[in-house]
Amino acid sequence: GYFLAGRSMHFIPVGASLFASNIGSGHFIGLTGSGASSGIAVAGFEISAIHWLMVLGWLFVPIYMKAEVFTMPQYIKMRYGGERIRVYLTCLALMLSIFTKISVDLYSGAIFLQQALNWNLYASVIALILLAAFFTVGGGLTAVIWTDFIQTVIMVVSAFILMIISFVRVGGIQQIRNLFPYALAYTTLHNITECGVPNENYFSLIRPFDADLPWFGILFGNGVASIWYWSCDQVIVQRTLAAKNLSHARAGCLVAGILKFLPLFLMVFPGMIARILFPDEIGCSDPDVCYQVCHSRNGCNDIAYPLLVLRLMPNAIRGLTLACMIAALMSSLTSIFNSSSTIFTIDIWQRFRRNAHDWELMIVGRVFVMILVGISILWIPIIRAAQGARLFDYIQAVQSFLAPPVAACYLLGVLWKRINEEGAFWGLISGLFIGIVRFIWEYSYTAMPCQLEHLDKRPSVVRFNFLYFSVLLFIISGIVTIVISLLTKPIPEKYISGLTISDLDNPEKAIEIPTRPGCMHKANTYYDEEQPYHFENSSSYHIDQPSTETERKALHFFQTGDSTGIAFYLKTAFAWICGLEKTDELDGQSICSDSHSHGNINNRRSITSIRDEHVSSWHKECSYAAIIILALCAFVWTFFTDFRIRLN
């Protein structure tokens with residue numbers, strides 16, 4: 001119930017939570033800033049995400065639900081066996097959560113608060129992150145999803161108000177198209193270089209040969225990262241697994257897909273308007289002038305949204321917009337905190353505490369949230385020093401360096417039974433090595449301001465566009481995975497029944513791949529079936545009798561004390577911290593008895609059969625709706641592409 005909301009969520013809160021978990025203050029700051037810098041091409045990331053939401057709902061979610069998993073590393077454990085891939089992905093997911101999600105959201109939120117209210121940077125961030133942690137610790141995924149739903153409404157309404165005010169002020173979309181190429185700073189007008197001049201294809205989503213945002217790179221390079229983000233990342237997939245059945249999960253993906261059309265109008269166009277209205281600040285090209293405006297020598301694109309709020313919004317609505325930004329920040333943080341604590345508790349803690357009680361898992365999950373809070377606060381100075389002129393590009397680049405091997409591992413795993421543990425592991429390792437080398441190489445050089453680009457000493461391999469690099473890394477990882485899998489023994493059929501898309505309707509349930517105790521370095525754990533192996537159940541968590549003195553003392557605490565003394569209040573408070581609202585659940589015998597533990601397992605909601613879902617009318621309606629949404633995507637791509645400018 002805490003980690004998957006009891007698998008009882010309807011499609012509307014699931015879809016809203018998918019959108020809110022994705023859209024944070026990093027999008028408000030980053031998308032608006034990129035729109036102010038080069039036009040609408042950055043919205044291609046958001047439009048292409050709709051395609052991958054459909055892939056999530058129609059390819060990956062049915063497999064995950066049939067496997068009845070809590071986390072993505074659990075599925076990897078069932079699909080490939082062994083422990084080393086699962087541990088690798090768990091640690092990578094936690095690192096990506098801290099260094100590309102929490103840190104980016106915190107820093108972008110800090111930019112807004114600093115510009116809007118002149119608050120102390122660290123005091124405001126600490127206050128917001130503690131509030132977000134309180135929401136997560138208090139109620140688990142149910143609280144996170146419902147606060148996501150409410151905050152999505154706040155975000156969209158306030159952003160709509162700002163969009164309308166901005167469009168009225170500038171005169172509509174046609175005026176944006178007419179005025180944007182002339183939104184130049186005073187220093188740019190007196191400069192013989194092209195620094196500070198907008199991209200000539202500023203009003204085109206499709207730019208095939210653009211140096212910064214090539215369309216083929218967005219479609220394929222970002223597509224690789226999107227497979228990881230939308231279909232393999234715990235934060236996103238956990239929302240769909242919380243749906244009451246497969247149809248509600250797919251409908252939630254459709255709702256999120258419809259909402260993904262909004263950032264073009266709510267963020268990118270307002271960013272272009274900000275440059276038109278405030279060209280000397282947003283469009284500054286002189287490093288000294290930029291530093292005076294926003295304390296950055298590489299440009300001030302990222303202050304576009306705060307400037308719109310401060311200078312266009314009426315006083316009363318300005319507070320609503322501030323609430324919108326805080327909601328966006330809290331929404332992303334609560335989602336990441338909850339999902340990361342789930343991964344740590346289920347995939348790491350239970351490796352060392354196989355017989356852990358339910359209340360122990362609850363405590364560990366919530367303590368880990370507090371640890372994430374501490375690491376995130378310590379990371380603020382680092383992300384502040386590393387932030388470049390366009391925050392959204394930083395987000396996409398980091399994902400392009402680290403995500404492609406994981407995307408290859410999952411995609412090949414669900415498409416082809418022949419892929420085995422050895423191939424997947426070495427594909428991940430080879431991709432990680434190449435990605436880390438490029439990542440370190442990329443950020444070991446300081447980005448030069450536009451006017452000093454002639455002094456740029458970076459080698460050509462570092463200047464190679466990160467979107468194309470993502471495709472290359474995906475291909476290399478996939479080739480390594482396939483070749484090694486074909487050179488080694490396949491996984492026997494009985495161990496992977498129903499775990500690939502071609503075997504989805506197989507009524508047989510996969511048998512867990514046996515592993516030798518401590519076989520982190522062993523890959524071929526499922527071939528020698530004559531040897532007695534230890535079976536580790538990854539989807540059921542049994543509660544045994546207390547075996548240590550610490551457990552017996554904890555049990556004694558719950559069994560003692562009258563209903564009016566101090567022990568009663570301590571017991572009640574501890575029950576709330578553990579997420580066990582009923583104090584009678586804390587009775588010692590009920591916690592530790594075998595009958596109660598089996599009852600707990602039996603009471604967990606079982607997944608609706610995939611075969612039953614395929615014959616439901618909802619399934620057909622969702623599929624038709626998906627086709628309509630994809631057709632609408634094609635229309636948007638075409639409508640917002642200037643073919644005349646592109647062909648010239």
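Examine region 155-177 for a residue that is part of a helix (DSSP H, G or I), within 28 Å of the chain's Cα centre (by Cα) and at pLDDT below 75, and state whether such a residue exists. Step through it out loud before you land on a result.
As a first pass, look at region 155-177 and keep what is part of a helix (DSSP H, G or I): 155-170, 173-177.
Subset that is within 28 Å of the chain's Cα centre (by Cα): 155-163.
Going one step further and asking which of them are at pLDDT below 75, we end up with 155.
Looking through region 155-177, at least one residue is part of a helix (DSSP H, G or I), within 28 Å of the chain's Cα centre (by Cα) and at pLDDT below 75.
With respect to the numbered conditions (1) at pLDDT 70 or above; (2) open to solvent by 40 Å² or more (accessible area, probe 1.4 Å), which one is the sole condition not fulfilled by V125?
(2)
If you take the residues in region 477-508 that are of a type in the set (D, E) and within 31 Å of the chain's Cα centre (by Cα), which one is surrounded by the most Cβ atoms within 10 Å (Cβ to Cβ)? Before the answer, list the steps.
Restricting attention to region 477-508, the residues satisfying the condition of being of a type in the set (D, E) are 493, 503, 505, 508.
Okay, now just the ones that are also within 31 Å of the chain's Cα centre (by Cα), so 503, 505.
Details: D503: 16, D505: 12.
Of everything passing the filter in region 477-508, D503 is surrounded by the most Cβ atoms within 10 Å (Cβ to Cβ).
How many of the residues making up region 66-103 are under 15 Å from V414 (Cα atoms), open to solvent by less than 10 Å² (accessible area, probe 1.4 Å) and either aliphatic (A, V, I, L, M) or in a helix (DSSP H, G or I) (or both)?
Total meeting the criteria: 10.
Filtering region 291-326 down to residues that are of a type in the set (S, T, Y) and open to solvent by less than 40 Å² (accessible area, probe 1.4 Å), which residue is farthest from the chain's Cα centre (by Cα)? Steps first, please.
Here is the first cut: in region 291-326, the ones of a type in the set (S, T, Y) are 291, 296, 305, 321.
From the residues that got through so far, the ones that are open to solvent by less than 40 Å² (accessible area, probe 1.4 Å) too are 296, 305, 321.
Working: S296: 27, Y305: 22, T321: 23 Å.
Step by step, filter region 291-326, then rank; the result is S296.
Where the second residue is modelled with pLDDT of 95 or more and crowded, with 18+ Cβ neighbours inside 10 Å and the first is over 15 Å from E493 (Cβ atoms) and of a type in the set (D, E) and lies in region 410-424, which pairs have Cβ atoms under 6 Å and are six or more apart or on separate chains?
Final answer for the pair search is E422/I484.
For region 456-475, enumerate the residues that are touching an Asp or Glu at 6+ places or on another chain (Cβ under 9 Å) and closer than 14 Å to P214 by Cβ. Outline the logic, then answer.
Here is the first cut: in region 456-475, the ones touching an Asp or Glu at 6+ places or on another chain (Cβ under 9 Å) are 458, 462-463, 465-466.
Scanning region 456-475 gives R463, N465, F466.
Do any helices (runs of 4 or more DSSP H) entirely within region 242-282 hold 2 or more residues that are open to solvent by less than 10 Å² (accessible area, probe 1.4 Å), and if so, which?
Working: elements: 246-259, 269-277, 279-282.
It comes to 246-259, 269-277.
Scan region 600-648 for residues that are in a helix (DSSP H, G or I), closer than 18 Å to A251 by Cβ, in contact with a helix residue (DSSP H, G or I) (Cβ under 8 Å, 6 or more places away or on another chain) and at pLDDT 50 or above and jot them down.
If the condition is that a residue be in a helix (DSSP H, G or I), closer than 18 Å to A251 by Cβ, in contact with a helix residue (DSSP H, G or I) (Cβ under 8 Å, 6 or more places away or on another chain) and at pLDDT 50 or above, then I610, W618, H619, C622, S623, A625, A626, I629, L630, C633 are the ones that fit.
Could you tell me whether N355 is of a type in the set (S, T, N, Q), under 30 Å from M370 (Cα atoms) and surrounded by fewer than 24 Cβ atoms within 10 Å (Cβ to Cβ)?
Working: of a type in the set (S, T, N, Q): yes; under 30 Å from M370 (Cα atoms): yes; surrounded by fewer than 24 Cβ atoms within 10 Å (Cβ to Cβ): yes.
It is true that N355 is of a type in the set (S, T, N, Q), under 30 Å from M370 (Cα atoms) and surrounded by fewer than 24 Cβ atoms within 10 Å (Cβ to Cβ).
Does I482 satisfy the criteria of being β-branched (V, I, T) and modelled with pLDDT of 90 or more?
On the way: β-branched (V, I, T): yes; modelled with pLDDT of 90 or more: yes.
Against the criterion (β-branched (V, I, T) and modelled with pLDDT of 90 or more), I482 qualifies.
If only one of H51, H27 is open to solvent by 10 Å² or more (accessible area, probe 1.4 Å), under 30 Å from I273 (Cβ atoms) and modelled with pLDDT of 90 or more, which one is it? Step through it out loud before you land on a result.
Values: H27 fails: modelled with pLDDT of 90 or more.
Unique residue meeting the criteria: H51.
Consider F392 carefully, then state whether it is of a type in the set (F, W, Y), surrounded by fewer than 20 Cβ atoms within 10 Å (Cβ to Cβ) and at pLDDT below 90.
Numbers: of a type in the set (F, W, Y): yes; surrounded by fewer than 20 Cβ atoms within 10 Å (Cβ to Cβ): no; at pLDDT below 90: yes.
Against the criterion (of a type in the set (F, W, Y), surrounded by fewer than 20 Cβ atoms within 10 Å (Cβ to Cβ) and at pLDDT below 90), F392 does not qualify.
Which one of these is in contact with a Gly (Cβ under 7 Å, 6 or more places away or on another chain) and farther than 23 Å from F160 by Cα: P208, P198? Even if it seems obvious, please write down each step before you answer.
Values: P208 fails: in contact with a Gly (Cβ under 7 Å, 6 or more places away or on another chain).
Of the residues listed, the single one that is in contact with a Gly (Cβ under 7 Å, 6 or more places away or on another chain) and farther than 23 Å from F160 by Cα is P198.
Give just the number: which of (1) open to solvent by 20 Å² or more (accessible area, probe 1.4 Å); (2) touching a residue at least 24 places away in the same chain (Cβ under 8 Å) does F337 not satisfy?
(1)
Within the set of pairs 6 or more residues apart or between chains, which connect a residue that is over 11 Å from I29 (Cα atoms) inside region 288-315 to a residue that is open to solvent by 50 Å² or more (accessible area, probe 1.4 Å) and not in a helix (DSSP H, G or I) with Cβ atoms less than 8 Å apart?
Note: pairs meeting the criteria are D288/R297; C290/R297; C290/N298; Y291/R297; N298/A447.
Select from region 438-452 the residues that are assigned to a helix (DSSP H, G or I) and over 26 Å from the mean Cα position of the chain (by Cα) and write down the one among them that is modelled with the highest pLDDT.
Within region 438-452, the subset assigned to a helix (DSSP H, G or I) is 438-443, 450-452.
Checking which are over 26 Å from the mean Cα position of the chain (by Cα) leaves us with 450-452.
On the way: C450: 61, Q451: 52, L452: 56.
Within region 438-452, the match that is modelled with the highest pLDDT is C450.
Give me the pairs, please: first residue somewhere in region 257-279 and free of Cβ contacts under 8 Å to residues at least 60 places away in the same chain, second residue anywhere and open to solvent by less than 30 Å² (accessible area, probe 1.4 Å), beta-carbon distance under 6 Å, and either six or more positions apart or on two chains.
Listed by first residue and then by second, the contacts come to F278/L307.
Scan region 397-410 and give yes if some residue there is within 19 Å of the chain's Cα centre (by Cα), modelled with pLDDT under 85 and of a type outside the set (A, V, I, L, M, F, W, C), otherwise no. Give the steps one after another, and end with the answer.
Quick first cut of region 397-410, residues within 19 Å of the chain's Cα centre (by Cα) only: 397-410.
Now narrow it down to the ones that are modelled with pLDDT under 85: 397-398.
Applying the additional criterion that residues be of a type outside the set (A, V, I, L, M, F, W, C) yields none.
Among the residues of region 397-410, not one is within 19 Å of the chain's Cα centre (by Cα), modelled with pLDDT under 85 and of a type outside the set (A, V, I, L, M, F, W, C), which makes the answer no.
The values are calculated or read from the model by the stated rules, or taken from the named source; none is laboratory data. It should be emphasised that the depicted structure is a prediction, and the values quoted were computed from it without experimental measurement. Every residue, glycine among them, receives a Cβ derived from its backbone with ideal geometry; neighbour counts consider all protein chains shown. For the accessible areas, the whole protein counts, side chains as well, though only heavy atoms, and no ligand, DNA or RNA atoms are used. Shrake-Rupley method; radii C 1.70, N 1.55, O 1.52, S 1.80 Å.
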